[in-house]
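J.: Input: one structure, supplied below.
Quick note: the coordinates plus some simple rules give every number you see, no bench work behind them. Just so it is clear, the structure is predicted and the values come from calculations on it, not from any experiment. We place every Cβ from the backbone using ideal geometry, glycine too, and count neighbours over all the protein chains shown.
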Amino acid sequence: MEFFIDTADIDEIRELAATGLVDGVTTNPSLIAKSGRQFIEVIKEIADVVPGPVSAEVTSLEYDGMISEGRKLAAIADNIVIKLPLTPDGLKACKTFSDEGIDTNVTLCFSSAQALLAAKAGATYISPFIGRLDDLAQDGLMLISDIVEIYSAYPDISTKVLVASTRSPLHVVEAAKMGADTATIPPAVLRAMFKHPLTDKGLESFMADWKKTGQSIL
Ligand code: E4P
């Protein structure tokens, strides 16, 4: 499973990329606003730090504007993925970019029907937002299971399922069990994935016993 981090905070990205476990980055207009930085500048910096796919979202709501913005964003670096909303104009723009060989991430997906349309439009990634569905007492992970099942039934669909709006390690683990291709994970959730109290406890006792031996490896 690919792990993307869901943030526009360059310090977080640098720190987590150094673990070697980060395959890509997703951003959205809210994350850019939170960073307090210039969109183009921060995307360029992220694309320099992480060689994998970096999603940059268009903000125009109409096809022509999406195409102009998408082209400008795609020109920033080879690893930019154009993020487009799941609307008729967004999918039309997705088809255009897909025909031109430009990678796309169709965002704000909340149903299997929408995921089918995105695949048909040639999306590189579909982003179903599971946390936001859970917030409405709808089962976000069930949507992932449905999309994985549908896409698997059609070998000609190459769209990857990018699990978005993840809120916990369990979201990531359950999506992995379902065979989702990718998860975009907030930094705090990725850090939480390292944690287990028995790891800390075990390490503490190993180190205490090692100290008793008076030895050193080097
Ligand atoms: C995905 O690309 C989005 O940026 C993100 O996962 C949204 O997550 P949220 O629901 O926590 O805002």
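J.: List pairs: first residue in segment 6-35 and farther than 18 Å from ARG167 by Cα and in contact (Cβ under 8 Å) with a residue 24 or more places away in the chain, second residue among the small types (Gly, Ala, Ser) and within 10 Å of the ligand (Cβ to nearest atom) anywhere in the structure, Cβ distance under 6 angstrom, at least six positions apart or on different chains.
T.: So the pair list comes out as ILE32/ALA8; SER35/ALA8.
J.: Report, by residue number, each residue of segment 189-215 that is surrounded by 12 or more Cβ atoms within 10 Å (Cβ to Cβ) and hydrophobic (A, V, I, L, M, F, W, C). Let's see the steps before the verdict.
T.: Initial filter on segment 189-215 (surrounded by 12 or more Cβ atoms within 10 Å (Cβ to Cβ)): 189-193, 210.
Residues satisfying the conditions are VAL189, LEU190, ALA192, MET193, TRP210.
J.: Still on this model: Would you mind finding the one in ASP11, ASP23 that is among the acidic types (Asp, Glu) and either exposed (fewer than 13 other Cβ atoms within 10 Å of the Cβ) or more than 14 Å from the chain's Cα centre (by Cα) (or both)?
T.: Numbers: ASP23 fails: either exposed (fewer than 13 other Cβ atoms within 10 Å of the Cβ) or more than 14 Å from the chain's Cα centre (by Cα) (or both).
That would be ASP11, the only listed residue that is among the acidic types (Asp, Glu) and either exposed (fewer than 13 other Cβ atoms within 10 Å of the Cβ) or more than 14 Å from the chain's Cα centre (by Cα) (or both).
J.: May I ask you to say which residue of THR182, THR159 is away from the ligand (no atom under 11 Å from the Cβ), out of contact with any Gly (no Cβ under 6 Å at 6 or more places or on another chain) and of a type in the set (S, T, N, Q)?
T.: Going through THR182, THR159 in turn, the sole match is THR159.
J.: Considering only residues that are in contact (Cβ under 8 Å) with a residue 24 or more places away in the chain, out of contact with any strand residue (DSSP E or B) (no Cβ under 8 Å at 6 or more places or on another chain) and either assigned to a helix (DSSP H, G or I) or more than 26 Å from ALA18 (Cα to Cα) (or both), which ones fall in segment 159-178?
T.: PRO169, GLU174, MET178
J.: Within segment 101-143, can you find the residues that are of a type in the set (A, V, I, L, M), over 26 Å from ALA77 (Cβ atoms), within 13 Å of the ligand (Cβ to nearest atom) and touching a helix residue (DSSP H, G or I) at 6+ places or on another chain (Cβ under 7 Å)?
T.: Correct list: ILE130, LEU133.
J.: Here are the criteria: (1) in a helix (DSSP H, G or I); (2) touching a residue at least 40 places away in the same chain (Cβ under 8 Å); (3) basic (Lys, Arg). Tell me which single one LYS72 does not satisfy.
T.: If we test LYS72 against (1) in a helix (DSSP H, G or I); (2) touching a residue at least 40 places away in the same chain (Cβ under 8 Å); (3) basic (Lys, Arg), just (2) comes out false.
J.: Among (1) outside any loop (DSSP other than H, G, I, E, B); (2) closer than 21 Å to THR182 by Cα; (3) touching a helix residue (DSSP H, G or I) at 6+ places or on another chain (Cβ under 8 Å), there is one condition LYS92 misses while meeting the rest; what is its number?
T.: Failing condition for LYS92: (2).
J.: Only one of VAL42, VAL81, VAL22 is out of contact with any Asp or Glu (no Cβ under 7 Å at 6 or more places or on another chain), outside any loop (DSSP other than H, G, I, E, B) and within 16 Å of the ligand (Cβ to nearest atom). Can you tell me which? Quick ask: steps written out before the conclusion?
T.: Details: VAL81 fails: out of contact with any Asp or Glu (no Cβ under 7 Å at 6 or more places or on another chain); VAL22 fails: outside any loop (DSSP other than H, G, I, E, B).
Only one candidate passes the filter, namely VAL42.
J.: Now, a different point. In segment 129-136, is there at least one residue being surrounded by fewer than 16 Cβ atoms within 10 Å (Cβ to Cβ) and either hydroxyl-bearing (Ser, Thr, Tyr) or part of a loop (DSSP other than H, G, I, E, B) (or both)?
T.: yes
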